[in-house]
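A.B. asks: Just passing along the structure, written as structure tokens.
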Amino acid sequence: MKILVLPGDGIGPEVVDEAVKVLDFIFQKKKIKVEFDFELIGGVSIDKYGVPIRDEVVEKAKNSDAILLGAVGGPKWDPLPIDKRPEAGLLKIRKALELWANIRPIKIFPELSYISPLKNSDGIDFVVLRELTSDVYFGQPRGIFGDYALNTMIYRKEEVERIAYLAFEMARKRKKLVTSVDKANVLEVSSFWRKIVSEVAQKYPDVKLEHAYVDAMTYYIILNPQKFDVVLCPNLFGDIISDEAGGIIGSLGLCPSASLGSLNLGDGRIQGLYEPIHGSAPDIAGKSIANPIATLLSASMLCEYSLGMKEEGNLIEKAIRNVLSEGFRTQDLLEKKSQDEKKKSQKGKRGKTKIKVVSTKEFGDAVVKSLKKLLI
Ligand code: IPM
Ligand code: MN
């Protein structure tokens, strides 16, 4: 099996290093032969080769079982025109491999519930299922033409159908609710999306379908996040909703993603690209303080979907939780307390786990150490 690693820009290389370390440990322990290949994507590729991704890297990706990606972009490349920016490299690979299904699980870690800005974040557990290779992201025509500019929001029937089927299949194995997001009160594309999703729903009488306008959805997600199960979104709305969803659990740094296509690798394995949802965070890059959890969880999804190693994938998640229970935290995951609260917690300190602030690398090492005990 082959994994193409694309660390990218900003904190990408730091968090990806930890995921590779963890995966490598599992493969060695399980005596499974997996080849890692490293390539450039994003700004670093622009700097070296003048393009955000080279065709040969796209070819390598096509010939890999899985791609593990860090992040792309940064202020240095902001002045570039849209089609030459770091982001264009990521969009190109998504499209070239036709990775149409973007799965973004949103789950609260009880160990970290204090970082959620919500009063009640208990039990938040839903999946944003985002269509990834169509919509206004790829619609033609597009461009800036003198005194006007234009993008095309478009969905074809088969594109809506395949993601809708997946949404219902996923919901069937979960809480049996699909919430489809659109703007059908204004946009034709959305009303078409709604019609097709409703048709697919007929084949799943055991799963409940609800429709929500995207503006209302941003509101419900804050008011009652516990009710959601599978949140089915077109590409653009899914991009927005998933960042908001990361916000309610307290950090995008906890949110992994898997982008799957239709390439069946045999034995139930599917080709996919795995990346944290957070961006390149240029402000903290190079300091080894970034939180690697989203990337580690992406590696866990990689094991499950592309390598047929669901059990091992679950162990990564378990190891992360153990490490958190032991008190390890990267800086961004510390509890922010007011002076009053600090005084209070000083009093009740006894019996509480001591918090250890660690670097990106130390967090990864702790996860490996925990996996040593879990893997037999
Ligand atoms: C994401 C990102 C990308 C997107 C960017 C980097 C192109 O925001 O994966 O959510 O818009 O899809
Ligand atoms: Mn995004």
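The values are calculated or read from the model by the stated rules, or taken from the named source; none is laboratory data. Bear in mind the structure is a predicted one, so any value in this text is a computation, not a measurement. No Cβ is skipped: glycine too gets one built from the backbone with ideal geometry, and neighbour counts run over all protein chains shown. The protein model used for the area step is the full one, side chains on, heavy atoms only, and it has no ligands, DNA or RNA in it. Shrake-Rupley method; radii C 1.70, N 1.55, O 1.52, S 1.80 Å.
A.B. asks: Filter the range 31-58 down to residues that are over 18 Å from VAL20 (Cα atoms), hydrophobic (A, V, I, L, M, F, W, C) and buried (at least 21 other Cβ atoms within 10 Å of the Cβ) and give me whichever is farthest from the chain's Cα centre (by Cα).
C.D. replies: Checked the range 31-58; the qualifying residue farthest from the chain's Cα centre (by Cα) is ILE46.
A.B. asks: Output the residues belonging to the range 285-311 that are over 15 Å from the mean Cα position of the chain (by Cα) and open to solvent by less than 50 Å² (accessible area, probe 1.4 Å). Can you show your working first?
C.D. replies: Going through the range 285-311, the residues over 15 Å from the mean Cα position of the chain (by Cα) turn out to be 285-290, 306-311.
Answer for the range 285-311, where residues must be over 15 Å from the mean Cα position of the chain (by Cα) and open to solvent by less than 50 Å² (accessible area, probe 1.4 Å): ALA285, SER288, ILE289, ALA290, SER306, LEU307, MET309.
A.B. asks: Does ASP239 satisfy the condition of being within 26 Å of ILE3 (Cβ to Cβ) and part of a helix (DSSP H, G or I)?
C.D. replies: Answer is yes for this residue.
A.B. asks: Just name the residue that is nearest to MET309 (Cα to Cα) out of those in the range 59-74 that are open to solvent by 10 Å² or more (accessible area, probe 1.4 Å) and within 16 Å of ligand 1 (Cβ to nearest atom).
C.D. replies: VAL72
A.B. asks: For the range 98-108, state whether one or more residues are of a type outside the set (A, V, I, L, M, F, W, C), in a helix (DSSP H, G or I), more than 16 Å from ligand 2 (Cβ to nearest atom) and surrounded by fewer than 17 Cβ atoms within 10 Å (Cβ to Cβ).
C.D. replies: The answer is no, given that none of the residues of the range 98-108 is of a type outside the set (A, V, I, L, M, F, W, C), in a helix (DSSP H, G or I), more than 16 Å from ligand 2 (Cβ to nearest atom) and surrounded by fewer than 17 Cβ atoms within 10 Å (Cβ to Cβ).
A.B. asks: List the number of the failed condition for ALA319; all other conditions in (1) among the small types (Gly, Ala, Ser); (2) out of contact with any Gly (no Cβ under 8 Å at 6 or more places or on another chain); (3) touching a residue at least 40 places away in the same chain (Cβ under 8 Å); (4) more than 30 Å from LEU166 (Cβ to Cβ) hold.
C.D. replies: Every condition holds for ALA319 apart from (4).
A.B. asks: If you don't mind, there's one more thing I want to ask. What number of residues within the range 258-283 satisfy the criterion of being over 21 Å from ILE93 (Cα atoms) and open to solvent by 50 Å² or more (accessible area, probe 1.4 Å)?
C.D. replies: 4
A.B. asks: Given the conditions (1) within 16 Å of ligand 1 (Cβ to nearest atom); (2) buried (at least 21 other Cβ atoms within 10 Å of the Cβ), which single one is not true for LYS92?
C.D. replies: Result: LYS92 fails condition (2) only.
A.B. asks: Only one residue in ALA294, ALA299, ALA245 is touching a Phe, Trp or Tyr at 6+ places or on another chain (Cβ under 8 Å), within 14 Å of ligand 1 (Cβ to nearest atom), outside any loop (DSSP other than H, G, I, E, B) and among the small types (Gly, Ala, Ser). Which one?
C.D. replies: Numbers: ALA294 fails: touching a Phe, Trp or Tyr at 6+ places or on another chain (Cβ under 8 Å); ALA299 fails: within 14 Å of ligand 1 (Cβ to nearest atom).
Step by step, each of ALA294, ALA299, ALA245 is checked, and only ALA245 is touching a Phe, Trp or Tyr at 6+ places or on another chain (Cβ under 8 Å), within 14 Å of ligand 1 (Cβ to nearest atom), outside any loop (DSSP other than H, G, I, E, B) and among the small types (Gly, Ala, Ser).
A.B. asks: Looking at the range 238-252 only, could you name the residues that are open to solvent by 10 Å² or more (accessible area, probe 1.4 Å) and within 11 Å of ligand 2 (Cβ to nearest atom)? Working first, answer last.
C.D. replies: Filtering the range 238-252 down to residues open to solvent by 10 Å² or more (accessible area, probe 1.4 Å) leaves 239-240, 243-244, 247, 250-252.
Within the range 238-252, ASP239, ILE240, ASP243, GLU244, LEU252 qualify.
A.B. asks: A further question on this structure: Name every residue in the range 239-263 that is among the hydroxyl-bearing types (Ser, Thr, Tyr), under 20 Å from THR218 (Cβ atoms) and within 10 Å of the chain's Cα centre (by Cα), in order of residue number.
C.D. replies: SER242, SER257
A.B. asks: Pairs under 6 Å by beta carbon, first residue assigned to a loop (DSSP other than H, G, I, E, B) in the range 266-281, partner at pLDDT 95 or above and away from ligand 2 (no atom under 16 Å from the Cβ), six or more apart or different chains?
C.D. replies: Note: pairs meeting the criteria are ASP267/GLY308.
A.B. asks: CYS255 versus (1) within 15 Å of ligand 2 (Cβ to nearest atom); (2) under 28 Å from ASN151 (Cα atoms); (3) buried (at least 19 other Cβ atoms within 10 Å of the Cβ): which is the lone unmet condition?
C.D. replies: (2)
A.B. asks: May I pose another question? Polar (S, T, N, Q), free of Cβ contacts under 8 Å to residues at least 12 places away in the same chain and closer than 17 Å to PRO105 by Cα - does that describe any residue in the range 226-243?
C.D. replies: no
Each row is one residue, and each column tells you yes or no for (1) more than 16 Å from ligand 1 (Cβ to nearest atom); (2) of a type in the set (Phe, Trp, Tyr); (3) at pLDDT below 95; (4) within 29 Å of ILE93 (Cα to Cα).
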| site | (1), (2), (3), (4) |
| --- | --- |
| PHE138 | no, yes, no, yes |
| ALA149 | yes, no, no, yes |
| VAL178 | yes, no, no, yes |
| ASN185 | yes, no, no, no |
| TRP193 | yes, yes, no, yes |
| LYS203 | yes, no, no, no |
| LYS208 | yes, no, no, no |
| HIS211 | yes, no, no, no |
| ASP229 | yes, no, no, yes |
